[in-house]
Amino acid sequence: MKRTNILTALLVGLAVITTGCGTSDYVQSVQLSATGANSGGFFNLVGIDGTLQLTSTAIYHSGKNVPVTNSVTYTVTTVGTDDTGAALPAYGPTTVPINSTGMMTAVASLCTWEDIGNPIPTPPTYNWVYSGYYSVVATYQGMSSQPIAVGVGSQAGNTAPDGACGPS
C-alpha cells in the first residue's frame, strides 16, 4: 500500500512539474517577403496584370520557421502619390488586390515611379524612385510583419522622357 501511495505521489508530482515548468513554443515574429520584379529591394508590379508573390513565414521562439502565407491577413496602406502628384487609389479589388495565396496583382493602371533624371543616353538608363507605393503588412495570430513597399508600373510614366515607368 505504501509503495502505491509513494508511486502515485511521484507520478502526480512529475505531471505537475512537467506541465508547469516547460516552455511552450510561440510565434516570435512574422517575416513578409516578395518574389517578383524588384530593383535593389524595391518591389514593382510591372504592367497591367503584373504580379508579385507575397510569402509569409512564422518564426517561432525555438527557431523553427513555418510557412503561413495562406493563413495571414493583409493590411495595405497608400504612401505618397502617383507620378502626376495625384493621390494613390485606396487598396482594394480594383487596384492591387492580394488573393488568399498571397498573389498581388496590378489591376489599376498606375505609375508610382519617378525617373529623377538623366539625359537619355543610348541605351537609356534611369534613376527610379517611388513617388508613392502600397505598404503591405501581414498579420498572423496577432503578430504583424515588417512592411514591404510595392510600387506599380502598370501604365506609361510621365517623368521618363520615353514614357517608361519603373524598374522591370
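Taking the criterion of being surrounded by 22 or more Cβ atoms within 10 Å (Cβ to Cβ) and at positive phi, no residue of the stretch 133-164 qualifies.
Against the conditions (1) modelled with pLDDT under 95; (2) within 29 Å of residue 58 (Cα to Cα); (3) surrounded by 13 or more Cβ atoms within 10 Å (Cβ to Cβ), residue 100 satisfies every one except (3). From 161, 167, 147, 123, grab the single residue that is within 30 Å of residue 28 (Cβ to Cβ) and either out of contact with any Gly (no Cβ under 6 Å at 6 or more places or on another chain) or of a type in the set (Asp, Glu) (or both). Every option except 147 fails the conditions. Against the test of being surrounded by 17 or more Cβ atoms within 10 Å (Cβ to Cβ), at pLDDT 95 or above and either in a helix (DSSP H, G or I) or under 19 Å from the mean Cα position of the chain (by Cα) (or both), the options 66, 76 yield a single qualifying residue, 76. Are any of the residues in the stretch 54-63 more than 14 Å from residue 137 (Cα to Cα) and within 16 Å of the chain's Cα centre (by Cα)? Within the stretch 54-63, one or more residues are more than 14 Å from residue 137 (Cα to Cα) and within 16 Å of the chain's Cα centre (by Cα).
Could you say whether any residue in the stretch 108-130 is crowded, with 19+ Cβ neighbours inside 10 Å, modelled with pLDDT under 95 and under 19 Å from residue 33 (Cα atoms)? Scanning the stretch 108-130, I find at least one residue that is crowded, with 19+ Cβ neighbours inside 10 Å, modelled with pLDDT under 95 and under 19 Å from residue 33 (Cα atoms), so the answer is yes. Would you confirm whether or not the stretch 45-52 contains a residue that is charged (D, E, K, R), farther than 20 Å from residue 142 by Cβ and surrounded by fewer than 19 Cβ atoms within 10 Å (Cβ to Cβ)? Scanning the stretch 45-52, I find at least one residue that is charged (D, E, K, R), farther than 20 Å from residue 142 by Cβ and surrounded by fewer than 19 Cβ atoms within 10 Å (Cβ to Cβ), so the answer is yes.
The values are calculated or read from the model by the stated rules, or taken from the named source; none is laboratory data. Everything numeric here is computed off the predicted structure, so don't read it as measured data. We place every Cβ from the backbone using ideal geometry, glycine too, and count neighbours over all the protein chains shown.
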